[in-house]
Structure formats: C-alpha cells, structure tokens
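Structure, as structure tokens:
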Amino acid sequence: SGVAKAKADVVLIAGFDGGTGASPMSSIRHTGLPWELGLAETHQTLLKNGLRNRIVVQADGQMKTPRDLAVATLLG
C-alpha cells in the first residue's frame, strides 16, 4: 500500500521470475510466487487500506494457457 500512498500510477505484478537482472542467480532461481498470489494479496491489501480506487493494478506475462486466462478473468 506504500506505493499507492506515494501516488504511484500503477502496481505491476510480475510472477515467479520477475525482478532485476542484477539479482544474485540464487535469488532469481529460488524465489518468487505465482502472479495469482501476488495479484490477490495486492488487491486485498489495497482494499483494507482504502486505496484500491487510487491505483491501477496489472499483471504481466506468463499467461500461456487457457487456465491462466480463466484465472485472470476470475480475479478481475
């Protein structure tokens, strides 16, 4: 919710392999969560803090299967 309070325009959720190329290889290979969890957690946190209407939430890439599309549609 800090980025919304700081008046950011967008929160971008990048699942699993999101991040910077400057990260240690161990971090790139062994950290991260599915975009679905990040999107749900972000949405819930913004709602709890009354900030959901201030910011656009997006998820990028990794929507490769019909299941991914169905989940994204259900999550809004």
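FYI, it's all coordinate maths here, none of it is from the lab. In this text, all values refer to a predicted model and were calculated from it rather than measured experimentally. All Cβ positions, glycine included, derive from the backbone under ideal geometry; neighbour counts span all protein chains shown.
Taking the charge dipole of the chain about its Cα centre, with +1 at Lys and Arg Cβ atoms and -1 at Asp and Glu Cβ atoms, the residue from Asn49, Leu12, Ala59 reaching farthest to the positive side is Asn49.
Using the Cβ-Cβ distance between Ser27 and Leu74 with R0 set to 30 Å, the FRET efficiency from 1/(1 + (r/R0)^6) comes to roughly 0.50.
Determine, from the Cβ-Cβ distance of Lys5 and Leu37 and an R0 of 22 Å, the FRET efficiency 1/(1 + (r/R0)^6), rounded to the nearest 0.05. Between Lys5 and Leu37 the formula returns 0.45. Residues considered: Gly38, Gly15, Gly50. Largest GNM mean-square fluctuation over the chain, using C-alpha springs under 10 Å, is found at Gly50. Taking a Cβ cut-off of under 11 Å around Ile55, the surrounding Lys, Arg, Asp and Glu residues balance to a net charge of +3, with basic ones at +1 and acidic ones at -1.
Each helix, a run of at least 4 DSSP H residues, gives -39500 (n - 2.57); summed and divided by the residues of the chain, these come to -12500 deg cm²/dmol at 222 nm.
Could you grab the relative contact order for the chain? Cα pairs under 8 Å, six or more apart, rounded to a whole percent. Relative contact order of the chain: 43 percent.
The alpha carbons of region 2-75 stretch over 36, 32, 18 Å along the principal axes, in descending order. When +1 charges are put on Lys and Arg Cβ atoms and -1 charges on Asp and Glu Cβ atoms, the dipole computed for the chain relative to its Cα centre reaches about 240 debye.
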